[in-house]
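J.: My questions will all concern the structure given below.
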Amino acid sequence: MSRGPLMIIGGAEDKLRGRAILKAFVAAAGGPEARIAVIPTASSLGPEIVEVYDALFRREGAGEVVAVRPETREQAHDEALVAALEAATGVFMTGGNQLKLSATVCGTPVGDAIVAAHERGAVVAGTSAGASIQSSHMVAFGGPGSTPKQRMTQVAAGLGLLGDSVIDQHFDQRNRYGRLLMITAQSPQLLGIGVDEDTAAIVEHEVAEDGTERQVLRALGRGAVTIFDPSRIVTDAYEAKRNSPILASGVVLHVLPQPARFDLTSRTLVPRETRVDAEDAAELAEAGADLRRMARDITRDIAADDVSPTQLRRRLARKARRGRPETPTVSPSENPTETPETPETPDSQDAQDGAPR
């Protein structure tokens, strides 16, 4: 069975209006058949945080919502909590203190059950702290700022659902560019992923017809997903002094708004698919049919009259002029000052049209 999707949410997801991210999570978990396990360990709130997500997920049609809340590493060995995760089609980790979440569940049966749920095909989602813990390396804490500086942040181990990466959240809103750059400068093998608020990075495992496997990230929501690829970085992070700025040159930057897709395996942007609106396609088809009819009419006229295209254009122009509404004229009897209209004679060009060539 293929691995399930990961939903890495940057925090402050919409809970009141469209709820696009929460809708997508419930749908991926199975909709009416969904059995969702909410892990609120990172949160300082009590049962009310579970009640909020219980109401939200049921409003979106989820069949069952249960709480899995270990508060200590000892409780994270509870077989009842593990069993709830084993039965889940969706796992959702709330926001809060990501270091508390990591210290409580990583390396325990509950943590292993989260990983196993992902491996068997369940969707695993997390917002804020629940997003950071999904990567192999996790931002433990640190300050804001655009410039990467030595000792700007600390790193802890995550669940490793997304390998060779480090995830940060509330990214643009809390100006966390510098600390993510600091981590990737110190560990250039890691891909830095920053997720804005009310935005999700959805990671799916794809297998091509030739058997090639890849992980593809898709952006969903109001903000953007920012990716730092430090594969070719030039840095002095190994010798920068305490709190001093770090050199970070050659980092490849990707900013991905909805619905951009990014191949995490090859670290390249997936080209966007061109989609034509159905109404626009119908109008284009009708215009094409009109052009084809016009071309057939012109070809038929040329074949029937054995005339040149130049002659045909002149003839069509005369037909168009004759088709215009005529200006009313006053008869000589009604206006004695008006001179009678003289009969129209062919102009020289008309005579030429009828002359042999």
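The values are calculated or read from the model by the stated rules, or taken from the named source; none is laboratory data. Nothing here was measured: the structure is a model prediction, and the numbers come from that model. Quick reminder, even Gly has a Cβ in these numbers, built from the backbone with ideal geometry, and neighbours come from all protein chains shown. Just so you know, the surface numbers come from the protein's heavy atoms only, side chains and all, with ligands and any DNA or RNA stripped out. Shrake-Rupley method; radii C 1.70, N 1.55, O 1.52, S 1.80 Å.
J.: GLN258 is checked against (1) touching a Gly at 6+ places or on another chain (Cβ under 7 Å); (2) at pLDDT below 95; (3) polar (S, T, N, Q) and fails just one. What number does that condition carry?
T.: In the conditions (1) touching a Gly at 6+ places or on another chain (Cβ under 7 Å); (2) at pLDDT below 95; (3) polar (S, T, N, Q), GLN258 misses (2) alone.
J.: Of all residues in the stretch 170-193, which are buried (at least 23 other Cβ atoms within 10 Å of the Cβ), without any contact (Cβ under 8 Å) to a residue 60 or more places away in the chain and not in a loop (DSSP other than H, G, I, E, B)?
T.: Once the filter is applied, which keeps residues that are buried (at least 23 other Cβ atoms within 10 Å of the Cβ), without any contact (Cβ under 8 Å) to a residue 60 or more places away in the chain and not in a loop (DSSP other than H, G, I, E, B), the stretch 170-193 yields ARG179, LEU180, ILE183, GLY192.
J.: Filter the stretch 237-251 for residues that are closer than 26 Å to SER266 by Cα and part of a loop (DSSP other than H, G, I, E, B); which is nearest to the chain's Cα centre (by Cα)?
T.: Taking the candidates together, the pick is VAL251.
J.: Moving to a separate point now. Exactly one of these conditions fails for LEU217: (1) closer than 30 Å to GLU204 by Cα; (2) in a loop (DSSP other than H, G, I, E, B). Give me its number.
T.: Going through the list (1) closer than 30 Å to GLU204 by Cα; (2) in a loop (DSSP other than H, G, I, E, B), LEU217 breaks only (2).
J.: Can you tell me which residue in the stretch 252-264 is most open to solvent (accessible area, probe 1.4 Å), limited to those that are among the hydrophobic types (A, V, I, L, M, F, W, C) and outside any loop (DSSP other than H, G, I, E, B)?
T.: Among residues in the stretch 252-264 that are among the hydrophobic types (A, V, I, L, M, F, W, C) and outside any loop (DSSP other than H, G, I, E, B), the one most open to solvent (accessible area, probe 1.4 Å) is LEU253.
J.: So, one more: Give ALA84, ALA42 a once-over and let me know the one that is closer than 23 Å to SER135 by Cβ and either in a loop (DSSP other than H, G, I, E, B) or out of contact with any helix residue (DSSP H, G or I) (no Cβ under 8 Å at 6 or more places or on another chain) (or both).
T.: Testing whether each residue is closer than 23 Å to SER135 by Cβ and either in a loop (DSSP other than H, G, I, E, B) or out of contact with any helix residue (DSSP H, G or I) (no Cβ under 8 Å at 6 or more places or on another chain) (or both) leaves just ALA42.
J.: Could I ask something else about it? So, PRO47, is that one free of Cβ contacts under 8 Å to residues at least 24 places away in the same chain and farther than 24 Å from ARG218 by Cα or not?
T.: Against the criterion (free of Cβ contacts under 8 Å to residues at least 24 places away in the same chain and farther than 24 Å from ARG218 by Cα), PRO47 qualifies.
J.: Residues to consider are GLU204, GLU209; find the one that is open to solvent by 20 Å² or more (accessible area, probe 1.4 Å), farther than 27 Å from GLU239 by Cα and part of a strand (DSSP E or B).
T.: Unique residue meeting the criteria: GLU204.
J.: From the list ARG222, ARG176, ARG232, which one is of a type in the set (D, E, K, R) and closer than 24 Å to LYS23 by Cβ?
T.: Testing whether each residue is of a type in the set (D, E, K, R) and closer than 24 Å to LYS23 by Cβ leaves just ARG222.
J.: Continuing with the same structure: Of the residues ARG242, ARG267, only one is open to solvent by 80 Å² or more (accessible area, probe 1.4 Å) and over 30 Å from ARG315 (Cα atoms); which?
T.: Of ARG242, ARG267, the one residue that is open to solvent by 80 Å² or more (accessible area, probe 1.4 Å) and over 30 Å from ARG315 (Cα atoms) is ARG242.
J.: Return yes or no: is GLY95 assigned to a loop (DSSP other than H, G, I, E, B) and out of contact with any Pro (no Cβ under 8 Å at 6 or more places or on another chain)?
T.: yes
J.: For the stretch 141-160, does any single residue satisfy the condition of being within 25 Å of the chain's Cα centre (by Cα) and open to solvent by less than 10 Å² (accessible area, probe 1.4 Å)?
T.: No: the stretch 141-160 contains no residue that is within 25 Å of the chain's Cα centre (by Cα) and open to solvent by less than 10 Å² (accessible area, probe 1.4 Å).
J.: Going residue by residue through the stretch 344-354, is there one that turns out to be part of a helix (DSSP H, G or I), modelled with pLDDT of 60 or more and surrounded by 12 or more Cβ atoms within 10 Å (Cβ to Cβ)?
T.: Among the residues of the stretch 344-354, not one is part of a helix (DSSP H, G or I), modelled with pLDDT of 60 or more and surrounded by 12 or more Cβ atoms within 10 Å (Cβ to Cβ), which makes the answer no.
J.: Restricting to the stretch 7-35, what's the tally of residues that are touching a strand residue (DSSP E or B) at 6+ places or on another chain (Cβ under 6 Å), aliphatic (A, V, I, L, M) and either modelled with pLDDT under 95 or open to solvent by 30 Å² or more (accessible area, probe 1.4 Å) (or both)?
T.: 1
J.: For the stretch 282-295, state whether one or more residues are surrounded by 10 or more Cβ atoms within 10 Å (Cβ to Cβ) and in contact with an Asp or Glu (Cβ under 7 Å, 6 or more places away or on another chain).
T.: no
J.: So, one more: Residue by residue through the stretch 87-135, note down the ones that are within 18 Å of VAL52 (Cα to Cα) and surrounded by 22 or more Cβ atoms within 10 Å (Cβ to Cβ).
T.: GLY90, VAL91, PHE92, MET93, THR94, GLY95, ALA125, GLY126, THR127, SER128, ALA129, GLY130
J.: With VAL65, VAL38 as the choices, which residue is within 21 Å of THR108 (Cβ to Cβ), open to solvent by less than 60 Å² (accessible area, probe 1.4 Å) and modelled with pLDDT of 95 or more?
T.: Step by step, each of VAL65, VAL38 is checked, and only VAL38 is within 21 Å of THR108 (Cβ to Cβ), open to solvent by less than 60 Å² (accessible area, probe 1.4 Å) and modelled with pLDDT of 95 or more.
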